[in-house]
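Colleague: Take this structure, written in structure tokens, and hold onto it; I'll ask about it next.
The values are calculated or read from the model by the stated rules, or taken from the named source; none is laboratory data. Because the structure is predicted, anything quoted here is derived from the model rather than measured. Quick reminder, even Gly has a Cβ in these numbers, built from the backbone with ideal geometry, and neighbours come from all protein chains shown. Quick note on the areas: whole protein, heavy atoms, side chains included, nothing else; ligands and nucleic acids left out. Shrake-Rupley method; radii C 1.70, N 1.55, O 1.52, S 1.80 Å.
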Amino acid sequence: MTTQSLHGDSPTKDNDNTHSPMLGKTSPMLSYFCVYNPSLGTTEENTKDQILYYTAKKVVPADIKMRQVGLAQALVNFASAFSASKPAQNVHTQKNRMVFLQPEPGFWMYMCVELGILKRHIRDSQGKEKLVTEYLDAQLSDQALEAVLKLGYEQFKLLHGTFSAILYGEGGAETVPNRQRRRSLMHCIEEFFSEWIWKWDFDRLDTMVFSAVFNGVQIQPILRSNYLKIHALDAAIQSKFSHAMDHLLVLDTEEGGLVYRSTSLDIKDVCALRKYILKRVEKSMMKEKEAKQRQLEHEQGEIKTNKFLALKSFTKSLSQSQFLGYFTSALPSKGAIPLPTTEPAMPEDASLEPSTELSQEMPFSSSFSSSSSSLLSSSAPAPEPASASASAPTVPITVNGVDIHPQHGKYLTGLIQTTCIDMNGDEKSISRTEMVHVYLNSKSGLDTPTHSSHESTHTTSQQQQQQSLTEYVLIIYKHRNNLIWSFLLPTLAQETEDILSDPMFYRHLEDYMVNDQQLDVITEAVLDNMKSSQEKR
């Protein structure tokens, strides 16, 4: 009996049900992530100053954080003894995967990922069942994890600049960073990585390998003639606005493909800009969808409310005497005098009090219908239409009598349109300024690179130029034909601040592209090229 219960079929099912919560496969999970610089804490008193940012899936004491960072430094130093030119990038353990990235000299990004686990039952040579735990080390790709860290740094550098520029300023690493600059760097890192780091999905690692490792950009096939038209438009815009616009980037909304980029715009900057721009477009489309859903719900609620108010006002207008007068008069009480069948004449100045003669003379249906129609026409007014506050066009904002809102598309950065809820609960459209500053390797026409006669000095100058970034203001314009036009205005130009502060600039830019440069014709031709190429696939 005991042997059958241990090795029989039915006991085995019970045993599986008992251990079912422990069985199965778990996904890899981020254990902790940190950014540190060993040069910021060289003594035992300020060792904790090395850590610029730290986040983990659970609360970790300060001494454990320092041990983890110390272990990372020891592994990197140990690996550098064998390969000084190429520092350690990853370390495999039984349960974890540690990944290191040095995006800038002295700065390290370090993350630890817990491996996925597979728990299952097996039988040994004696036929006994036991639980086996397997750590899925092959599920994680080192190249993908390293590329994800690089991608995160590129996105951070796009929006905030380099770590060194924030911490040291123009003086470079030779200067001693003050506490204010260190706090500014810590705030920027926390603001970006706290939202970005926990969005990783390690189950989609194949997609991460393709999008992060290769970091490719799909190029939309268009005819040479259409490409030259966009190039001519790019040059015309730069000339129109006093060369305050250095670069132009055109993307497709549906597939995110590259339609056009200025020749002076570096391809690495295109990759970083493309990811950021598409995220802005996606958020904008989600907000539009939510606004339409709220408007539909508001209109439906107004219709139901108006129907209810109409019925309520109708029932209130019917007095109790008008309803009960018929029944009390049609059913005479015991011993009552029979009513005459003919209706006596009524003087013109007689009062209009309810009478039994009128009640008996008119049938109930005609009496009720006539009274209800008269009440609807007098006491209960017709229901008013639904409030048009949610769907009515907003009052345009004008400057010198000209509407500044774009007519052929919308701006996603710069002077944008958004909705707000007033004190009455109604949504209203407002315009506000949202400037997005980006930092690119692509140089502006206003940059003046330094030259040196000595070879060593020239090499150092090139390295500094590669590390130094140019600050731009990014203006994103989404055309109604779903092409995204992104303009980069260098902050070095004196005209940039004046142009962006003028609310009429955005309307003038759109009018110049649409009316003077025939933007609608160009976009239609480009979309036809893309559609024909998709049909040939």
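Colleague: In segment 37-59, what count of residues is obtained for those that are over 18 Å from R183 (Cβ atoms), modelled with pLDDT of 90 or more and among the β-branched types (V, I, T)?
Modeller: Adding up the residues that qualify gives 1.
Colleague: Looking only at segment 246-281, how many residues end up being closer than 12 Å to Q155 by Cβ and hydroxyl-bearing (S, T, Y)?
Modeller: Residues that pass the stated criteria total 1.
Colleague: Taking segment 68-92 as the search range and keeping residues that are polar (S, T, N, Q) and open to solvent by 60 Å² or more (accessible area, probe 1.4 Å), which one is nearest to G152 (Cα to Cα)?
Modeller: Start the filter on segment 68-92 by keeping residues that are polar (S, T, N, Q), which leaves 68, 73, 77, 80, 83, 85, 89-90.
The next check asks that each one be open to solvent by 60 Å² or more (accessible area, probe 1.4 Å); those that pass are 77, 85, 89.
Values: N77: 24, S85: 23, Q89: 16 Å.
Residue satisfying both the conditions and the ranking: Q89.
Per-residue answers, yes or no, for (1) β-branched (V, I, T); (2) more than 28 Å from E299 (Cβ to Cβ); (3) in a strand (DSSP E or B); (4) modelled with pLDDT under 70:
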residue	(1), (2), (3), (4)
H405	no, no, no, no
I416	yes, no, yes, no
M423	no, no, no, no
I430	yes, no, yes, no
V438	yes, yes, yes, no
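Colleague: In segment 39-55, which residues are charged (D, E, K, R), closer than 16 Å to L185 by Cα and surrounded by fewer than 16 Cβ atoms within 10 Å (Cβ to Cβ)? So that I can check it myself, show each step before the final result.
Modeller: If we filter segment 39-55 for residues that are charged (D, E, K, R), which is where we start, we get 44-45, 48-49.
Retained after the next criterion (residues that are closer than 16 Å to L185 by Cα): 48-49.
The answer is K48, and nothing else.
Colleague: Which one of K268, K292 is open to solvent by 80 Å² or more (accessible area, probe 1.4 Å), closer than 25 Å to I237 by Cβ and part of a helix (DSSP H, G or I)?
Modeller: Answer to the check: K268.
Colleague: With respect to E154, is the statement that it is open to solvent by 50 Å² or more (accessible area, probe 1.4 Å), within 23 Å of N441 (Cα to Cα) and modelled with pLDDT of 90 or more true? I'd like the intermediate steps shown before the answer.
Modeller: Working: open to solvent by 50 Å² or more (accessible area, probe 1.4 Å): yes; within 23 Å of N441 (Cα to Cα): yes; modelled with pLDDT of 90 or more: yes.
In short, yes.
Colleague: Considering only segment 506-537, state which residues are farther than 16 Å from G257 by Cα and of a type in the set (V, I, T).
Modeller: If the condition is that a residue be farther than 16 Å from G257 by Cα and of a type in the set (V, I, T), then V514, V521, I522 are the ones that fit.
Colleague: Next up: Can you tell me which residue among I499, I476 is open to solvent by less than 10 Å² (accessible area, probe 1.4 Å) and either on the phi < 0 side of the Ramachandran plot or within 26 Å of the chain's Cα centre (by Cα) (or both)?
Modeller: Going through I499, I476 in turn, the sole match is I476.
Colleague: Collect the residues in segment 117-130 that are touching a helix residue (DSSP H, G or I) at 6+ places or on another chain (Cβ under 7 Å) and either under 20 Å from T55 (Cα atoms) or surrounded by fewer than 14 Cβ atoms within 10 Å (Cβ to Cβ) (or both), keeping them in residue-number order.
Modeller: Across segment 117-130, the qualifying residue is only G127.
Colleague: Let me ask something else about it. Collect the residues in segment 474-497 that are part of a strand (DSSP E or B) and without any contact (Cβ under 8 Å) to a residue 40 or more places away in the chain, keeping them in residue-number order.
Modeller: Matches in segment 474-497: none.
Colleague: Pick out, from segment 19-125, the strands (runs of 3 or more DSSP E) lying fully within it that include 2 or more residues that are closer than 30 Å to D203 by Cβ and among the charged types (D, E, K, R).
Modeller: Result: 116-123.
Colleague: Right, next: Within segment 224-244, restricting attention to residues that are modelled with pLDDT under 85 and not hydroxyl-bearing (S, T, Y), which residue is farthest from S442 (Cα to Cα)?
Modeller: Step one: filter segment 224-244 for residues modelled with pLDDT under 85, giving 241-244.
Narrowing further to those that are not hydroxyl-bearing (S, T, Y): 241, 243-244.
Details: F241: 20, H243: 16, A244: 15 Å.
Looking at residues that are modelled with pLDDT under 85 and not hydroxyl-bearing (S, T, Y), I get F241.
Colleague: Ok, one more. Could you please give the count of residues in segment 183-223 that are surrounded by 15 or more Cβ atoms within 10 Å (Cβ to Cβ), modelled with pLDDT under 70 and of a type outside the set (S, T, Y)?
Modeller: Residues in segment 183-223 being surrounded by 15 or more Cβ atoms within 10 Å (Cβ to Cβ), modelled with pLDDT under 70 and of a type outside the set (S, T, Y): 6 in total.
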